[in-house]
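One structure below.
The values are calculated or read from the model by the stated rules, or taken from the named source; none is laboratory data. Nothing here was measured: the structure is a model prediction, and the numbers come from that model. So basically every Cβ, Gly included, is an ideal-geometry build from the backbone, and we count neighbours across all protein chains shown. Note: areas computed on protein heavy atoms with side chains; ligands, DNA, RNA excluded. Shrake-Rupley method; radii C 1.70, N 1.55, O 1.52, S 1.80 Å.
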Amino acid sequence: RLPLLQAAGKKNSSNLLALNEEELKEQFVRGDGPGGQATNKTSNCVVLKHIPTGIVIKCHQTRSVEQNRKIAREILQEKVDLFYKGENSDVFKEKKAAERKKQEKKRRARENLERKRHFKEMQQLDGK
């Protein structure tokens with residue numbers, strides 16, 4: 001089930017499993033990455049753990065603690081939904097649909113490139 005968890009964090013869906021605040025453990029830590037003093041001095045990175053599943057989310061997307069808390073809860077909700085529902089989860093279905101769309105786009109691009117190559121070859125043969 002663990003590879004499925006990577007699909008979360010993509011899109012908002014209305015019928016995800018609800019999170020119970022009593023099942024969450026929230027911490028505020030210093031973020032990492034670029035940002036220098038602003039990052040090193042403030043504890044605005046949110047670490048959210050869903051105790052029953054053991055899923056941990058670390059969110060440091062903005063400088064605002066409140067926004068990071070909101071984003072972390074959204075991502076955690078998607079991951080918990082994915083954990084319990086697996087392939088029946090909307091998050092998983094959206095991820096699969098996006099993958100298929102990407103593959104189709106690549107296939108069309110490859111076919112188009114092949115057509116162009118063939119056309120160039122035909123023009124060169126006609127020119128001789």
task = Would you be able to tell me the number of residues in the stretch 45-102 that are among the small types (Gly, Ala, Ser) and buried (at least 19 other Cβ atoms within 10 Å of the Cβ)?
result = 2
ask   = Does any residue of the stretch 64-74 turn out to be outside the structural domain of residue 51 (by the TED database), acidic (Asp, Glu) and closer than 22 Å to residue 16 by Cα?
value = no
query = Here is a list of conditions, (1) over 17 Å from residue 16 (Cα atoms); (2) within 18 Å of the chain's Cα centre (by Cα), and residue 28 meets all of them except one; can you say which number that is?
reply = (2)
message = Can you pull out every residue in the stretch 48-82 that is assigned to a helix (DSSP H, G or I), within 15 Å of the chain's Cα centre (by Cα) and not polar (S, T, N, Q)?
response = 71, 72, 73, 74, 75, 76, 78, 79, 80, 81, 82
ask   = Among the residues of the stretch 20-31, is there at least one that is in contact with a helix residue (DSSP H, G or I) (Cβ under 7 Å, 6 or more places away or on another chain) and within 27 Å of residue 99 (Cβ to Cβ)?
value = no
ask   = Can you spot a residue in the stretch 15-22 that is modelled with pLDDT under 90, surrounded by 11 or more Cβ atoms within 10 Å (Cβ to Cβ) and farther than 15 Å from residue 84 by Cα?
value = no
task = Mind listing whichever residues of the stretch 25-44 are open to solvent by 60 Å² or more (accessible area, probe 1.4 Å) and acidic (Asp, Glu)?
result = 32
